[in-house]
Amino acid sequence: MLSKLSHIALIITILLASCKPTQESKYKIFEPEDKSYFHITFEYPSDWIWEHPPESDREVSSDLIKLSDPEWRAQTEQSESCYKGGQIQISVYVGDTEQLLEWQLQAMDFGINTMHALEVISDKEIQIDSRTSRSMVLRQKPYELEFCQSEAQTAKIFFLPSENELYIFYFSASENEQNTKFAEAFTHILDTVKIEP
């Protein structure tokens, strides 16, 4: 009799467990559209939104997506700072990856040399999806503007080459926002990047 009761209790437990609502995943997986230049996947927070600017706003043989944290953007939009955060940009350029990387770095060098408010904090090689990639951290010093308050910002830029594509991951935030949930989400995106074969 006891064994029968135990068996019934086990069945009830299984049924109750199966009736519990499934917990929504913390992350979604970005999967590119069929005709996109993107050939990568990655995980991003499920409550974020991503937008795809129209083709007219993009360079030839390139593509761009923007990932936004709605809550974080709402907070920064209400501030008096020039910085309006909560957004990550991921770009892809198609062509000779060595040439593309050289052009991008030349453009960055020009910006750093002409804008004295910019300085390089670090420039090193790292691994993304088992591929040698380049990581740069830039700091923008505070500067004076009439219409808003400037504050120091840190930008993190990662260059990921594949066979004939160069991916650029761009994250920027004020210095006191570098260890926030928003910054952690960017790190998670990089940790989960996979280049499609």
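Structure notes:
- Looking only at residues in segment 162-184 that are surrounded by 20 or more Cβ atoms within 10 Å (Cβ to Cβ) and closer than 19 Å to SER133 by Cβ, the one that is modelled with the lowest pLDDT is PHE171.
- Between TYR44, TYR37, the distinction of being of a type in the set (Phe, Trp, Tyr), closer than 21 Å to LEU100 by Cα and either at pLDDT 85 or above or touching an Asp or Glu at 6+ places or on another chain (Cβ under 6 Å) (or both) belongs to TYR37 only.
- Criterion applied to TYR83, TYR93 was being hydroxyl-bearing (Ser, Thr, Tyr), modelled with pLDDT of 85 or more and touching a helix residue (DSSP H, G or I) at 6+ places or on another chain (Cβ under 8 Å), and the one residue passing it is TYR93.
The values are calculated or read from the model by the stated rules, or taken from the named source; none is laboratory data. Predicted, not measured: the structure shown is a model, and the values here were computed from it. With ideal geometry, Cβ positions are generated from the backbone for all residues, glycine too; neighbour counts draw on all protein chains shown.
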